[in-house]
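Taking it in order: structure first as structure tokens, then the write-up.
The values are calculated or read from the model by the stated rules, or taken from the named source; none is laboratory data. Everything quoted here is computed from the prediction, not taken from an experiment. For neighbour counting, all protein chains shown are included, and Cβ atoms are generated from backbone atoms with ideal geometry for every residue, glycine included.
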Amino acid sequence: MAITGSTSSPSIADAREALARGGPILLYDGTCGFCARSVQFVLRHEPASGALRFARLEGPLGELLRAAHPELASIDSLIWYDPPTATRPASLQWRSRGALRVARYLGGVWALVGSLGMVVPRRLSDAIYAWIARHRHELAAAACIVPTPAQRARFID
């Protein structure tokens, strides 16, 4: 996937650099308490390696990916981005598949849930995800993500 554009804003340049560094990125709705609490959950339960990085959908990286992938225009809650490797192109997963990918990243029992969830027909899992996404602002009060200094380095502005 090539991310190009004529925008020369330093924040867009930083987003391009963040993509070039590699490693998975979880994009989330930065205005959503449920999403903020979900990111906090990931930070508390992730493997010790902590390879996942985070970015707000409303930020430069979200803008860059949406420009490169028009199918993301209506996604406003969660996107998992896996960068390209020597053997496969970049991949994006959203809605239920993105959430299940997060679960697999967490490992342990969550990985089992994520793997089992993949056998559920996508139409059904996306319908469940859509219901949660529609009500996410009601399901959790406003929340702030307060990462540790080490975690803060993994957030892409």
Checklist line | Scan of region 144-157 for residues that are surrounded by 14 or more Cβ atoms within 10 Å (Cβ to Cβ) and either touching a Lys or Arg at 6+ places or on another chain (Cβ under 8 Å) or not polar (S, T, N, Q) (or both), ordered by number | finding: Ile145, Pro147, Arg154, Phe155, Ile156
Note to self: Return the residues of region 118-143 that are more than 18 Å from the chain's Cα centre (by Cα), surrounded by 11 or more Cβ atoms within 10 Å (Cβ to Cβ) and not hydrophobic (A, V, I, L, M, F, W, C); say none if nothing qualifies.
What the structure shows: Arg122, His135
Next item on the list: Looking only at region 112-157, count how many residues are modelled with pLDDT under 90, assigned to a loop (DSSP other than H, G, I, E, B) and β-branched (Val, Ile, Thr).
Entry: 3
Check: touching a strand residue (DSSP E or B) at 6+ places or on another chain (Cβ under 6 Å), without any contact (Cβ under 8 Å) to a residue 60 or more places away in the chain and crowded, with 19+ Cβ neighbours inside 10 Å - does that describe any residue in region 100-117?
Finding: yes
Notebook entry, point to check: Out of all the residues in region 62-79, is one or more modelled with pLDDT of 95 or more, touching a strand residue (DSSP E or B) at 6+ places or on another chain (Cβ under 9 Å) and more than 26 Å from Pro149 (Cα to Cα)?
Noted result: no
Notebook entry, point to check: Just one of Leu26, Leu100, Leu19, Leu43 is of a type outside the set (Gly, Ala, Ser), within 12 Å of the chain's Cα centre (by Cα) and assigned to a helix (DSSP H, G or I); which is it?
Noted result: Leu100
Margin query: It is to be established whether one or more residues within region 78-87 are surrounded by 13 or more Cβ atoms within 10 Å (Cβ to Cβ), in contact with a Ser or Thr (Cβ under 7 Å, 6 or more places away or on another chain) and either of a type in the set (A, V, I, L, M) or not in a strand (DSSP E or B) (or both).
Written below: no
Note to self: Would you confirm whether or not region 78-93 contains a residue that is in contact with an Asp or Glu (Cβ under 6 Å, 6 or more places away or on another chain) and not acidic (Asp, Glu)?
What the structure shows: yes
Margin query: Against the conditions (1) in contact with a strand residue (DSSP E or B) (Cβ under 6 Å, 6 or more places away or on another chain); (2) closer than 14 Å to Ile156 by Cβ; (3) modelled with pLDDT of 90 or more, where does Leu92 fall short? Just the number, please.
Written below: (2)
Next item on the list: Of the conditions (1) in contact (Cβ under 8 Å) with a residue 24 or more places away in the chain; (2) in contact with a Lys or Arg (Cβ under 9 Å, 6 or more places away or on another chain); (3) more than 23 Å from Ile132 (Cα to Cα), Arg21 clears all except one; give me its number.
Entry: (1)
Note to self: Checking the conditions here, which among Ser96, Ser91, Ser115 is of a type in the set (Ser, Thr, Tyr) and over 25 Å from Glu58 (Cα atoms)?
What the structure shows: Ser115
Margin query: Give all pairs with beta carbons closer than 6 Å in which a residue from region 80-97 that is within 11 Å of Leu26 (Cα to Cα) meets a residue that is modelled with pLDDT under 90; count only pairs at least 6 apart in sequence or on separate chains.
Written below: Trp94/Ile75
